[in-house]
Amino acid sequence: MSETVIVRQEGAVGRLTLNRPKALHALNREMCETILAALTAWSTDDGIAMVMIDHAEGTRGFCAGGDIRMLAESGAGDASEARAFFATEYRMNTAIKRFPKPYLALMDGITMGGGVGLSVHGTHRVATENTVFAMPETGIGLFPDVGGGWFLPRLRGRLGTWLALTGARLKGLDVAAAKIATHFLPSEMLPHLKRQVLSADYSGGAAVMLGEILSQNTHSVPAGSFEPHIEAMGRCFGFDTAEEIVTALEAEDSDWARAQLATLATKSPETVKLALRQVREGARQETFQDNMAMEYRIGWRKVQSHDFQEGVRAVILEKDNAPVWSPARLEDVTETEIAKYFEPLGKYELSFD
């Protein structure tokens, strides 16, 4: 069986290549363990100046998410496998965020869920015209994890709240315009970029050299297609309750606002409220590690929730795209029910050692 993550050193570059093409390189626990082990070793290896992560040539990618079927199957039982996956994945996300050297992610293709966690926490992130970014979890009753609570509220304005609640997709240049990617270039230039990165002399400083390489290859980024709606996002998605957001969208009386209302109406009401609290709490967290501990508490419980099981049934298993959410209305989801997801786990809290 081929390796699901190809790990090797090329020159002074530690290289990670996702290699699970039939699943669009979606992450399983083995892949997370492999990446975490490599980053741990490379963080103190003087022979490694930087890390680059991409996906296997000739395959679609970058990374479509995580192993949702496994999470649902495990959640239908004792959830032990799902929780073990979250623990490994979140430690991997934290290792990327804390990695002491440049970390270059080539986000050429679908970059959703777990793929966002593999890329957005790195220092350098390249989007192409093929990049499709989304955190679509409210549509399956999960939540925008892998550090979503940290990076989404730190995007400008209320862009992150909008992305978290609606699961909206950003494509190509928009991913860079939102500052989710740090650079943009046409995909046809990726082979040239990779050759330069892998053959460069980093003895004078890896961050400086990588910055020079990227500046020579990447293109300027115009305003995003979402830009005309930034002010409306601020007016509507700045509230701390989902009901207030809906009311504000109704008052906005525009085609864009009506489209957001229609989208929100299809999402799990419980998860919309949970995701909103997650990004608000995440904005207040002092460290990334604190945020990941919070997300682990949520994930520990969410995989066993009715709405996650129903969302996976409707969207992934039976594909009828007609989930029956419970509760079915935002106003029937109580703050007490949402607060339970955030309660400490005692001896089961996520450890990073």
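Note on region 11-60: residues that are out of contact with any Leu (no Cβ under 9 Å at 6 or more places or on another chain), among the charged types (D, E, K, R) and in contact (Cβ under 8 Å) with a residue 24 or more places away in the chain total 4.
For region 300-322, a residue qualifies if it is under 15 Å from Phe143 (Cβ atoms) and in contact with an Asp or Glu (Cβ under 6 Å, 6 or more places away or on another chain), and exactly one does: Asp307. Of all the criteria given as (1) under 22 Å from Thr161 (Cα atoms); (2) assigned to a helix (DSSP H, G or I); (3) free of Cβ contacts under 8 Å to residues at least 40 places away in the same chain, the one not satisfied by Lys347 is (1). Taking every residue in region 284-299 that is touching a residue at least 12 places away in the same chain (Cβ under 8 Å) and under 14 Å from Asp145 (Cβ atoms) and pairing it with any residue that is assigned to a helix (DSSP H, G or I) and of a type in the set (Val, Ile, Thr), at least 6 positions away or on another chain, the pairs with Cβ-Cβ distances below 6 Å are Met292/Thr94.
Within region 37-58, count every residue that is surrounded by fewer than 21 Cβ atoms within 10 Å (Cβ to Cβ) and touching a His at 6+ places or on another chain (Cβ under 7 Å). Qualifying residue count for the region: 0.
For region 318-353, how many residues meet the condition of being on the phi > 0 side of the Ramachandran plot and charged (D, E, K, R)? Spell out how you get there, then give the answer.
Of all residues in region 318-353, those on the phi > 0 side of the Ramachandran plot come to 319, 321, 346.
When the remaining residues are screened for being charged (D, E, K, R), the result is 319.
Adding up the residues that qualify gives 1.
Search region 303-316 for residues that are under 17 Å from Ile338 (Cα atoms) and in contact (Cβ under 8 Å) with a residue 40 or more places away in the chain and pair each with any residue that is assigned to a helix (DSSP H, G or I) and of a type in the set (D, E, K, R) when their beta-carbon atoms are under 8 Å apart and the residues are at least 6 apart or on different chains. Taking only residues 6 or more apart or on different chains, the pairs are Val303/Arg83; Ser305/Glu270; Asp307/Glu270; Phe308/Lys302. Scanning region 228-253 for residues that are surrounded by 13 or more Cβ atoms within 10 Å (Cβ to Cβ) and over 28 Å from Thr334 (Cα atoms) turns up His229, Ile230. Can you tell me which residue in region 181-224 is surrounded by the most Cβ atoms within 10 Å (Cβ to Cβ), limited to those that are touching a helix residue (DSSP H, G or I) at 6+ places or on another chain (Cβ under 8 Å), closer than 26 Å to Met112 by Cα and of a type in the set (Val, Ile, Thr)? Once the filter is applied, the top-ranked residue is Val197.
Take the residues in region 128-158 that are outside any loop (DSSP other than H, G, I, E, B) and touching a Phe, Trp or Tyr at 6+ places or on another chain (Cβ under 7 Å), then tell me which one is farthest from Tyr296 (Cα to Cα).
To start, the set of residues in region 128-158 that are outside any loop (DSSP other than H, G, I, E, B) comprises 132-134, 137-139, 148-154.
From what's left, touching a Phe, Trp or Tyr at 6+ places or on another chain (Cβ under 7 Å): 137, 150.
Numbers: Glu137: 15, Trp150: 13 Å.
Checking each candidate, the answer is Glu137.
Filtering region 59-80 to residues that are among the small types (Gly, Ala, Ser) and either loosely packed, with under 15 Cβ neighbours inside 10 Å or touching a His at 6+ places or on another chain (Cβ under 8 Å) (or both) leaves Gly61, Ala64, Ala76, Gly77, Ser80.
Here is a yes/no grid of residues against (1) surrounded by 24 or more Cβ atoms within 10 Å (Cβ to Cβ); (2) polar (S, T, N, Q):
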| site | (1), (2) |
| --- | --- |
| Arg29 | no, no |
| Glu33 | no, no |
| Ala82 | yes, no |
| Thr111 | yes, yes |
| Val116 | yes, no |
| Phe133 | yes, no |
| Glu137 | yes, no |
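On the given criteria, is Arg8 in a strand (DSSP E or B), without any contact (Cβ under 8 Å) to a residue 12 or more places away in the chain, farther than 18 Å from Ile298 by Cβ and not aromatic (Phe, Trp, Tyr)? Here the answer is yes, as Arg8 does meet what is asked. Can you find a residue that is in contact (Cβ under 8 Å) with a residue 12 or more places away in the chain, in contact with a Ser or Thr (Cβ under 8 Å, 6 or more places away or on another chain) and of a type outside the set (Ser, Thr, Tyr) anywhere in region 156-164? Yes - at least one qualifying residue is present in region 156-164.
Of the residues Lys267, Lys319, Lys273, which single one is buried (at least 16 other Cβ atoms within 10 Å of the Cβ), among the charged types (D, E, K, R) and not in a helix (DSSP H, G or I)?
Values: Lys319 fails: buried (at least 16 other Cβ atoms within 10 Å of the Cβ); Lys273 fails: not in a helix (DSSP H, G or I).
Answer to the check: Lys267.
For region 205-246, a residue qualifies if it is of a type in the set (A, V, I, L, M, F, W, C) and more than 30 Å from Gln260 (Cβ to Cβ), and the qualifying residues are Ala206, Ala207, Val208, Met209, Leu210, Ile213, Leu214. Considering region 14-50, the residues that are over 19 Å from the mean Cα position of the chain (by Cα) and charged (D, E, K, R) include one that is farthest from Leu104 (Cα to Cα), namely Lys22.
Quick test for you: out of Ala164, Ala168, pick the one residue that is in contact with a strand residue (DSSP E or B) (Cβ under 9 Å, 6 or more places away or on another chain), of a type outside the set (S, T, N, Q) and either part of a loop (DSSP other than H, G, I, E, B) or modelled with pLDDT of 95 or more (or both). None of the other options fit; the residue is Ala168.
For region 188-227, a residue qualifies if it is more than 23 Å from Asp46 (Cβ to Cβ), part of a helix (DSSP H, G or I) and without any contact (Cβ under 8 Å) to a residue 24 or more places away in the chain, and the qualifying residues are Glu188, Pro191, Arg195, Ser215, Gln216.
The values are calculated or read from the model by the stated rules, or taken from the named source; none is laboratory data. Predicted model only: the values in this text are computed from it and were never measured. In this analysis, Cβ positions are derived from the backbone assuming ideal geometry, glycine residues included, and neighbour counts consider all displayed protein chains.
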